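> Sharing a structure here in structure tokens format.
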């Protein structure tokens with residue numbers, strides 16, 4: 001039989017443990033709130049500058065031929081396998097990926113100026129999905145958008161190989177699916193920007209639309225909006241207008257916002273791009289600058305063939321920006337070590353990837369377990385597990 005003093009001590013211990021459990025259930029658990037997000041430009045294999053600059057029909061034909069020849073040298077399927085390894089190793093739950101191109105080729109008859117049947121030569125979105133699965137990743141495409149799409153277009157690979165080349169440029173948001181009790185998403189949206197770059201070429205003005213996509217996410221009960229995009233690279237005025245469209249469009253919400261993008265807006269080194277300054281001015285925080293204020297964190301770019309031995313990154317344009325109740329804990333640059341290369345010595349992309357570990361905060365009223373939600377607290381509609 002237990003003595004009274006021992007019974008008393010056991011009782012006190014039970015009360016203390018019950019109190020600790022109750023407190024743990026009522027208060028947020030910070031470790032569980034950590035979420036890793038990512039942006040990565042997969043690199044379509046060319047910057048298309050030669051095509052945009054062609055001023056004669058002959059220059060245009062050669063530029064198209066040179067473009068597909070260069071894409072082939074960058075070996076997109078190999079690079080998507082390397083990219084998948086970086087994504088899976090990062091543990092990112094949400095990944096914004098740009099330049100997931102589909103390249104198709106076919107015959108061209110100069111006598112009739114017509115293209116024959118086209119065959120898909122590279123499908124980088126498909127290849128990345130397959131590579132993620134083969135690498136042990138559990139991801140689904142939650143939202144995607146088409147940026148520019150070019151129909152079969154004649155080209156010439158010197159000295160005499162005529163062909164036709166087609167191109168569709170995609171951006172996509174990937175979401176991890178292996179922890180559905182913690183992470184749910186809904187409300188996928190996407191659209192092209194109204195502002196777009198349309199250079200004059202030998203065949204007339206060629207539009208290069210850009211696009212954004214978004215999903216509403218609930219992680220450990222905290223709701224926020226995740227946005228992926230790829231802003232214009234060749235025209236700063238167009239890029240600045242696209243940034244404004246994004247802030248007035250998908251980012252115009254009372255939910256906390258995370259934007260993961262290839263912004264093409266230089267954040268480092270100085271001088272900074274006006275588009276980047278616009279995001280700063282309107283209350284967005286830069287995950288890299290918050291956690292590594294003294295480091296440049298360059299993310300762009302390797303050479304066009306991505307076969308340079310030493311990294312040639314010289315500017316920071318790939319960004320993870322946050323606004324609202326998002327506390328950035330850390331950020332990292334990936335895809336920049338020699339180990340990240342393909343078996344043929346190619347970088348996964350001409351860009352580095354950027355990851356950020358964030359802590360999602362409760363709205364203020366939830367810090368009081370007996371509080372009540374105000375009408376001004378904006379929550380996404382009911383979430384479903386995908």
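FYI, it's all coordinate maths here, none of it is from the lab. Keep in mind that this is a model prediction, so the values were computed, not measured. Backbone-built Cβ (ideal geometry, glycine too); neighbour counts: all protein chains shown.
> Using the C-alpha gyration tensor of the stretch 29-367, what are the square roots of 5 times its eigenvalues, in whole angstrom, with the largest one first?
So the three semi-axes of the stretch 29-367 are 35, 21, 19 Å.
> Here is a follow-up. Using 0.36 nm times the number of residues separating residue 187 and residue 270, minus their current alpha carbon distance, what extension gain do you get?
26.1 nm
> Using 0.36 nm per residue of separation minus the Cα-Cα distance, give me the extension gain between residue 34 and residue 314 in nm, one decimal.
Full extension from residue 34 to residue 314 adds 97.8 nm.
> Quick one: go through the stretch 109-138 and flag any residue whose amide nitrogen is under 13 Å from the point 7 Å out along the Cα-to-Cβ line of residue 177.
Those under the cut-off are 129-130, 132-134, 137-138.
> Multiply the residue gap between residue 237 and residue 337 by 0.36 nm, knock off their C-alpha separation, and tell me the result in nm, one decimal place.
The span from residue 237 to residue 337 would gain 32.6 nm if fully extended.
> I'd like the distance separating the alpha-carbon centroids of the stretch 259-280 and the stretch 103-166, in whole Å.
Comparing the Cα centres of the stretch 259-280 and the stretch 103-166, I get a distance of 31 Å.
> Still on this structure, please answer the following. How large, in Å, is the stretch 49-108 by the Kirkwood hydrodynamic radius built from its alpha-carbon pairs?
One over the average 1/r among Cα pairs gives 14.1 Å for the stretch 49-108.
> Given an 8 Å cut-off on Cα distances and at least 6 residues of separation, report the relative contact order of the stretch 217-288 as a percent.
Relative contact order of the stretch 217-288: 33 percent.
> Another question, if that's okay. Modelling each spin label as a point 7 Å along the Cα-to-Cβ direction, I'd like the residue 89/residue 292 distance in nm, to one decimal.
Placing both labels 7 Å along Cα→Cβ, they lie 1.5 nm apart.
> May I pose another question? Roughly speaking, what is the centre-to-centre gap between the stretch 283-356 and the stretch 182-234 when only Cα atoms are used, to the nearest Å?
Using only Cα atoms, the two centres lie 20 Å from each other.
> Still on this structure: Based on the mean of other beta carbon atoms within 10 Å per residue, what is the order of 195-202, 273-280, 337-344, most packed first?
Most protected by this proxy first, the peptides run 273-280, 195-202, 337-344.
> Along Cα→Cβ, 7 Å out, is where each label goes; now give me the distance between the ones at residue 200 and residue 149 in nm to one decimal.
For the pair residue 200/residue 149, the computed spacing is 2.9 nm.
> If r is the Cβ-Cβ distance from residue 277 to residue 109 and R0 is 45 Å, what FRET efficiency results, to the nearest 0.05?
The pair residue 277/residue 109 has a calculated efficiency of 0.30.
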